[in-house]
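> Right, I'll just put the structure down here and ask away after.
The values are calculated or read from the model by the stated rules, or taken from the named source; none is laboratory data. Small disclaimer: the values here were computed from a predicted structure and weren't measured. Cβ sites come from the backbone with ideal geometry, for glycine too, and all protein chains shown count toward neighbours.
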Amino acid sequence: MTHSAARGPSPEKAVPWRLRRDLQWYPADRNSDDWTVRDPVRLTYFRMRREEREFLQLLDGRRSLRTVVQKLSGRFPDVPFAASGLISFLSAAIRSGLLVSTIPGHGTRLALDRRRQQAAAVPRKLLSLISHRFRGPDPQPLLIRLDRAAGWVFHPAVLAGLALFVLTAALVVLSHGARLAAELPQLDSMFTVRNLLQIGLIIAVVKVLHELAHGLTCVHHGRECHELGCVVIGVLPLLYCDVSDSWTLNSRWHRIQIAAAGIAVELFLAAVCGLLWVSSVPGPLHAAFLNIMLVCSLNTVLVNGNPLLRYDGYYVLSDLLNIPNLGPRSRQAAISLFDRYVLGVPLPAAVHGTGLRAAGMPLFGLISGLYRLFVLAAILLIFYRILAPYRLEPIAWLLTASTAAGIAVQMFLALRQRISAVARSAGVSRAVVGLTGFILGIGLILFWPLPGSVRAPFTLTPGTSHPVYVSTPGRLVDSADYGQILKPGDTIARLASPDIELLLARTEAEYREQQVRLQWLRAARGASPESALALPATQAALRSTEERLAALRRRASRLHLSSPAAGTLLPPRTRPPQRDAHHPDVQRFWQETPLAPVNRSAWLEPQTLVGWIGRAEDLRAVVYVRQQDVEFVRADADAVLVFDSQPGQPLFGRVTVLGTQPETQVPWELLADGSVAGHADGRPTPTYFAVQVKPDDADRPVPPLYSTGTASISCPPASLARRAWRFLTHTFGVNL
């Protein structure tokens with residue numbers, strides 16, 4: 001493009017450009033006047049409105065800009081044409097190669113531009129080391145043969161049957177949600193280096209089928225696909241298939257089918273592997289089916305089906321909304337709003353637009369841009385985590401530096417454009433004030449400390465109440481009732497042990513017998529020397545028997561459980577009923593709670609917790625906080641306890657104890673309701689720390705012990721930037 005074209009031609013002078021005659025034009029949609037332009041040399045495609053096409057066709061190298069505007073106004077009287085807008089469009093058409101110059105030497109300039117582009121390719125590549133693109137063979141002949149063999153799959157009845165199959169498989173898998181949740185923790189090592197080969201092979205095979213589906217659908221609808229290649233992101237190769245020729249179709253629904261073909265294939269694979277996973281037993285194939293199902297489904301949701309990235313979902317949404325170039329236009333709309341309200345650059349009336357679409361375009365552009373940065377940061381963090389165990393962090397830092405430099409260059413170019421726009425509008429002071437306020441506003445939003453809280457599940461426990469254990473096993477004879485108020489020394493339970501009673505009776509009889517023998521020996525020692533000699537041994541035996549008798553009596557006294565303090569008798573956790581508990585030949589152990597009426601005559605083992613003696617102020621809520629959140633919890637922090645059984649009656653409390661060691665067991669009631677993830681034996685899957693909260697409302701009635709709920713613990717203020725950084729580092733397990 002010449003410098004004069006960049007500045008814009010004079011309205012009175014001839015525009016030295018004309019439209020290329022080899023361009024191919026296709027109606028873009030049956031219900032609109034838009035056109036799709038195909039460049040058969042560069043194999044590039046453009047979308048333009050009818051008046052834009054007329055503008056380019058009026059350029060013959062002899063007409064002036066004023067003449068062109070007059071002719072356009074005559075053909076489109078309802079469309080306002082501004083010279084500045086036409087000059088911008090003319091410059092874009094020149095840069096896109098749609099026009100040729102009528103001034104001699106244009107070929108030389110094109111060759112010079114080509115050499116400049118080749119020279120700039122190496123620096124651009126250094127600024128994007130994370131991705132590499134390699135073009136493969138022409139897949140058109142293969143796709144034609146595949147279409148002849150499998151074109152029947154595009155019949156509406158077949159497509160409806162496949163959709164029904166996918167939906168049915170999804171319902172079957174969801175019906176096994178508990179099994180899926182139990183097996184998901186086994187995927188913690190899924191993205192380690194050890195499993196990269198397996199996961200990479202799965203992704204490679206899925207991507208081959210994914211891209212072949214795009215190409216096959218494109219060929220089936222009468223268009224061509226001449227490029228099949230590979231994009232390497234870091235070390236992960238991903239296939240790509242260029243189906244840009246689908247833009248020449250005038251049916252939006254056919255274009256949507258082509259864009260969604262890869263998503264459909266992945267969902268079909270996920271459905272097949274999901275049914276195989278449900279039907280198979282644990283083993284290597286079972287794990288492979290689960291991996292394929294997760295890779296296909298998550299890839300569809302997070303990448304291919306996500307319209308915020310320029311993949312399949314983006315093109316589907318673009319055609320559904322009938323907004324070509326949705327991404328660039330939405331980002332330009334966001335930049336235009338920035339120019340208007342921050343820099344004070346006036347915009348043409350056409351840029352503002354009206355309606356919901358005009359408001360949604362800038363928002364979509366902003367969200368998609370931020371999401372792409374998030375995905376990029378996530379990829380870099382994953383590479384760091386993979387390379388760190390092998391002391392290869394410099395490679396990750398090199399990729400990060402290259403990516404950051406590329407982003408910095410793009411930001412610098414955008415900033416230079418903004419400076420040029422401000423200089424042309426002669427509003428430098430307004431731009432400085434607006435930009436300063438914008439930066440300060442963003443800084444306040446990101447770094448202003450905001451109050452926060454940690455939400456975690458809890459269960460109500462006896463806390464500092466006095467535990468009462470069985471030290472001597474026996475059968476339960478009598479007991480107090482749970483909830484009964486006791487004084488120190490009051491009976492909690494009486495146990496009976498036939499073995500101890502029999503042993504005690506025998507020892508007492510032996511003791512009396514030895515006493516009688518000792519008295520006889522003392523009386524006979526004067527007349528019988530043998531009696532005098534046997535007296536010391538008998539005295540020692542009597543003392544030993546007396547000690548054994550005292551020990552047995554102490555042991556028997558422990559069959560009587562008494563209250564160690566004043567308070568209410570609180571129950572321990574229940575345990576499930578014993579099988580065959582009523583069978584006469586089965587030893588009956590206690591069930592539910594030890595002192596329940598059903599346990600009369602049941603056997604209580606040693607160290608059985610029969611209950612607690614406590615008061616309302618002794619109760620504690622034990623909150624199970626995740627490892628990444630426990631660092632924000634402080635002693636004496638305020639807490640709000642909301643019980644599941646009383647959602648509208650919160651209790652207020654204060655943190656009293658912070659756990660310093662990870663919990664190896666969690667209460668079964670939290671595992672049962674899904675509040676805490678863990679195994680069937682009580683081991684938690686993630687790392688939890690126990691935090692004790694003392695309720696302040698001691699006089700208020702509380703739900704029964706071991707009731708569950710959700711606690712909200714106040715934390716020190718933290719900024720949005722800090723929280724976002726913590727989310728990234730904890731999500732991807734990176735400690736920088």
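> Return only the number of the condition from (1) within 30 Å of Arg255 (Cα to Cα); (2) at pLDDT below 80; (3) among the aliphatic types (A, V, I, L, M); (4) crowded, with 18+ Cβ neighbours inside 10 Å that Val351 does not satisfy.
Against the list (1) within 30 Å of Arg255 (Cα to Cα); (2) at pLDDT below 80; (3) among the aliphatic types (A, V, I, L, M); (4) crowded, with 18+ Cβ neighbours inside 10 Å, Val351 comes up short only on (4).
> Within the group Thr472, Thr461, which residue is in contact (Cβ under 8 Å) with a residue 12 or more places away in the chain, of a type in the set (S, T, N, Q) and crowded, with 18+ Cβ neighbours inside 10 Å?
Within the list Thr472, Thr461, the selection yields Thr461.
> Looking at Ala565, Ala550, can you tell me which residue is farther than 18 Å from Leu504 by Cβ and among the hydrophobic types (A, V, I, L, M, F, W, C)?
Ala565
> In the stretch 559-598, which residues are crowded, with 17+ Cβ neighbours inside 10 Å, modelled with pLDDT of 85 or more and of a type outside the set (Ser, Thr, Tyr)?
Selection gives Leu559, Leu561, Gly567, Leu569, Leu570, Pro571, Pro572, Pro594, Leu595, Ala596.
> Filter the stretch 415-437 for residues that are at pLDDT 75 or above, of a type outside the set (Val, Ile, Thr) and loosely packed, with under 15 Cβ neighbours inside 10 Å and give the result.
The answer is Leu415, Arg416, Gln417, Ser420, Ser429, Gly437.
> Still on this structure: Residue under question is Pro284, and the condition is that it be modelled with pLDDT under 85 and either hydrophobic (A, V, I, L, M, F, W, C) or farther than 15 Å from His210 by Cβ (or both); does it hold?
It is true that Pro284 is modelled with pLDDT under 85 and either hydrophobic (A, V, I, L, M, F, W, C) or farther than 15 Å from His210 by Cβ (or both).
> Based on what the data block shows, is Leu356 part of a helix (DSSP H, G or I) and modelled with pLDDT under 80?
Values: part of a helix (DSSP H, G or I): yes; modelled with pLDDT under 80: yes.
Judged against the criteria, Leu356 is a match.
> List the number of the failed condition for Asp22; all other conditions in (1) surrounded by fewer than 14 Cβ atoms within 10 Å (Cβ to Cβ); (2) at pLDDT below 85 hold.
Just one mismatch for Asp22, condition (2).
> I've got another one for you. Can we say Leu373 is at pLDDT 80 or above and under 30 Å from Val642 (Cβ atoms)?
no
> Look through Asn306, Asn250 and report the one residue that is polar (S, T, N, Q), over 27 Å from the mean Cα position of the chain (by Cα) and in a loop (DSSP other than H, G, I, E, B).
Within the list Asn306, Asn250, the selection yields Asn250.
> From (1) surrounded by 14 or more Cβ atoms within 10 Å (Cβ to Cβ); (2) within 23 Å of Glu605 (Cα to Cα); (3) under 60 Å from the mean Cα position of the chain (by Cα), pick out the condition that doesn't hold for Leu503.
It is condition (3) that Leu503 fails.
> Can you tell me which residues in the stretch 652-690 are over 22 Å from the mean Cα position of the chain (by Cα), modelled with pLDDT of 85 or more and among the aliphatic types (A, V, I, L, M)?
Val655, Val657, Leu658, Val666, Ala690
> Among residues belonging to the stretch 326-343 that are more than 18 Å from Gly437 (Cα to Cα) and among the charged types (D, E, K, R), point out the one that is nearest to the chain's Cα centre (by Cα).
Residue satisfying both the conditions and the ranking: Arg331.
> Let me ask another. Any idea how many residues of the stretch 615-671 are among the β-branched types (Val, Ile, Thr), farther than 24 Å from Pro704 by Cα and not in a loop (DSSP other than H, G, I, E, B)?
Step one: list which residues in the stretch 615-671 are among the β-branched types (Val, Ile, Thr), which gives 622-623, 625, 630, 633, 640, 642, 655-657, 660, 664, 666.
Applying the additional criterion that residues be farther than 24 Å from Pro704 by Cα yields 630, 633, 660, 664.
Adding the requirement that they be not in a loop (DSSP other than H, G, I, E, B) leaves 630.
Adding up the residues that qualify gives 1.
> Continuing with this model, one more query. Between residues in the stretch 506-527 that are free of Cβ contacts under 8 Å to residues at least 24 places away in the same chain and residues that are surrounded by 12 or more Cβ atoms within 10 Å (Cβ to Cβ) and not in a helix (DSSP H, G or I), which pairs lie under 9 Å by C-beta distance while being six or more apart or on different chains?
Listed by first residue and then by second, the contacts come to Leu521/Ser528.
> Got a sec? Which of Val693, Val702 is at pLDDT below 85 and within 15 Å of Thr459 (Cα to Cα)?
Val702
> Of all residues in the stretch 261-288, which are touching a Gly at 6+ places or on another chain (Cβ under 9 Å) and farther than 11 Å from Val166 by Cα?
Matches in the stretch 261-288: Ala261, Ile263.
> State all residues of the stretch 688-702 that are surrounded by 12 or more Cβ atoms within 10 Å (Cβ to Cβ) and either in a loop (DSSP other than H, G, I, E, B) or of a type in the set (A, V, I, L, M) (or both); if no residue qualifies, say none.
If the condition is that a residue be surrounded by 12 or more Cβ atoms within 10 Å (Cβ to Cβ) and either in a loop (DSSP other than H, G, I, E, B) or of a type in the set (A, V, I, L, M) (or both), then Ala690, Val691, Val693, Asp696, Asp697, Ala698, Val702 are the ones that fit.
> Within 30 Å of Gly222 (Cα to Cα) and of a type in the set (Ser, Thr, Tyr), is that true of Tyr341? Break it down stepwise before answering.
Numbers: within 30 Å of Gly222 (Cα to Cα): no; of a type in the set (Ser, Thr, Tyr): yes.
Considered against the rule, which asks whether it is within 30 Å of Gly222 (Cα to Cα) and of a type in the set (Ser, Thr, Tyr), Tyr341 comes out as no.
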